[in-house]
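Single-structure report; data block below.
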Amino acid sequence: MTHVIGVDLGGTKTAAGVVSPAGEVLMSETFPTLNRAGGEAILDATAALIAGLVERAADAGISVSGVGIGSAGVIDASSGAVLSATDAIHDWAGTELVSGLSSRLSLAPSMVRAVNDVHAHALGEAWLGAAAGSSSSLMVAFGTGVGGSFVLDGSPVLGHRFVGGHVGHFASPYAAFEGSPLPCVCGGSGHVEAIASGPALYEAFLRFGGSTLDAADSRGVFALATSATDGLDGGAGAAFADSRAAALRAIEVAAAAAGQAVGGLINILDPETVVISGGLADAGELWWKPMEFALRQELLAPLVSVPVVRATLGNTAAIVGAAKLVLK
Ligand SMILES: [Zn+2]
């Protein structure tokens, strides 16, 4: 069997690798996505990246037969077009991702496949990562946004209009402040993503009285929460202690919102394995413990033993998952 190229095309960077039929990433390359240059320029750059890898593979005696792409945005997996996208990639919506790449690479359109990057990520974890061997798995990622994918018998459930997996956009009782629902990036309000994403966690820290001087982003909130308070006296010490308390509270609330949301999804889908991924899942016990506690509180009795595990493939998950699209 020949090898394929897996591509993870995100808002800030694009990574691609030569993937063996067994899912090993043999050689890979990463470059910044030309996220201000428009769809055609991104296709040119991505095709050049892929062509370079095909050449390197050929030098090593490896032939490449197809390309799988996990891309930011809502992707029509049958036509390979970008149906909609946020402005993280300017002018991405409307781009003919599959036909644009297959013509640039002189590949048959049937040998190029594309899905949304979160689905590719989940497919990678379901094939060779934390959910390997499970016939069904739910992956939810908590990072800059909140997204997910339910993989059933080796295929992500994409939905009739390819919008499936937007698990950050349903109501959360935690997504309110002083009686008003919090605004969500989708234009709605009171959604899971408005309290459980990294940026939302930082906003919660500020609402709870945290100071921008003590933490500049969600990563800073975690550093602050685990920092020592000794050595600071008087007013400065009290202000720092207030910020630190706000950090701990924001993490607790964002984690509980995340866990409750995933618990509800488990009740609906009953996946064999649940995989949690993204920057917040990697932040350690301070987030994981309240997340898992809230998740288990939410579960219906027959589901109490469902395994909930952290993603294991890291940055290669979406490359491997995208490759799987053309390997099967
Ligand atoms: Zn929303």
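FYI, it's all coordinate maths here, none of it is from the lab. This is a predicted model, so every value here is computed, not measured. Cβ coordinates were reconstructed from backbone atoms using ideal geometry, including for glycine residues, and neighbour counts include every protein chain displayed.
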>> Output wanted: per-residue J couplings in Hz (rounded whole) for segment 54-62, from phi through Karplus 6.51 cos²θ - 1.76 cosθ + 1.60, θ = phi - 60°, x for Gly and Pro.
In response: 4, 5, 4, 5, 4, 4, 8, x, 10
>> List the residues, sorted by chain then number, that are 5 or more residues from A176 or on another chain and whose placed amide H is less than 5 Å from its amide H.
In response: L182
> ³J(HN,Hα) across segment 94-107 via Karplus (A = 6.51, B = -1.76, C = 1.60, θ = phi - 60°), whole Hz, x for Gly/Pro?
Replying inline: x, 5, 8, 4, 6, 5, x, 7, 5, 5, 5, 9, 6, 10
> Tell me, what does the Kirkwood hydrodynamic radius of segment 136-310 come to in angstroms if you use every pair of distinct C-alpha atoms?
Replying inline: 16.7
> Peptides 195-207, 232-244, 179-191: what's the order by average Cβ count within 10 Å, highest mean first?
Replying inline: 195-207, 179-191, 232-244
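In square nanometres, what is one fourth of the surface area of the convex hull spanned by the alpha carbons of segment 207-328? Let's see the in-between values first.
Numbers: hull surface 39.9 nm².
About 10.0 nm², averaged over all directions.
Which of the trypsin sites (Lys or Arg not before Pro) found in segment 27-115 are loop residues per DSSP with 14 or fewer other Cβ atoms within 10 Å of their Cβ?
Working: sites: R36, R56, R104, R113; in loops: R36.
Sites meeting the loop and neighbour criteria: R36.
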>> Residue by residue through segment 81-86, what is 3J(HN,Hα) from phi via Karplus (6.51 cos²θ - 1.76 cosθ + 1.60, θ = phi - 60°)? Round to whole Hz and write x for glycine and proline.
In response: 9, 7, 7, 7, 7, 7
>> Please arrange I5, I69, I89 by how many other C-beta atoms lie within 10 Å of their C-beta, fewest to most.
In response: I89, I5, I69
>> I want the local charge near Q260. Using Cβ-Cβ distances under 13 Å, sum +1 for each Lys or Arg and -1 for each Asp or Glu among the other residues.
In response: -2
>> What's the magnitude of the charge dipole for the chain around its Cα centre, counting Lys and Arg as +1 and Asp and Glu as -1 at the beta-carbon? Answer in Debye, nearest 20.
In response: 380
> What nm value, rounded to one decimal, do you get for the distance between S78 and A239 when each label is placed 7 Å out toward the C-beta?
Replying inline: 6.0
> What FRET efficiency, computed as 1/(1 + (r/R0)^6) with R0 = 35 Å and r the Cβ-Cβ distance, is obtained for A60 and D282, rounded to the nearest 0.05?
Replying inline: 0.60
>> Per DSSP helix of 4 or more residues, -39500 (n - 2.57); summed, then divided by the residues of the chain. What does that give at 222 nm, rounded to the nearest 500?
In response: -12500 deg cm²/dmol
>> Using Cβ contacts closer than 10 Å as the measure, can you line up T86, T33, T12 from fewest to most?
In response: T12, T86, T33
> Expressed as a rounded percentage, what relative contact order does the chain have, with Cα pairs under 8 Å and six or more residues apart?
Replying inline: 20
> Per the Kirkwood treatment, what hydrodynamic radius in Å, one decimal, follows for the chain from the mean inverse distance over all distinct Cα pairs?
Replying inline: 20.6
> Which angle from 0 to 90°, rounded to the nearest 10, does the C-alpha axis of helix 317-327 make with the longest principal axis of the chain?
Replying inline: 30
> For segment 136-310, what is the percent of antiparallel DSSP beta bridges, rounded to the nearest 5?
Replying inline: 60
> Roughly speaking, what is the stretch gain from A48 to A88, that is 0.36 nm per residue apart minus the C-alpha to C-alpha distance, in nm to one decimal?
Replying inline: 12.2 nm
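Roughly speaking, what % of Cα-Cα pairs in segment 1-113 are separated by over 24 Å, rounded to a whole number? Mind showing how you got there, number by number?
Details: 1204 of 6328 pairs.
Roughly 19 percent, once rounded to a whole number.
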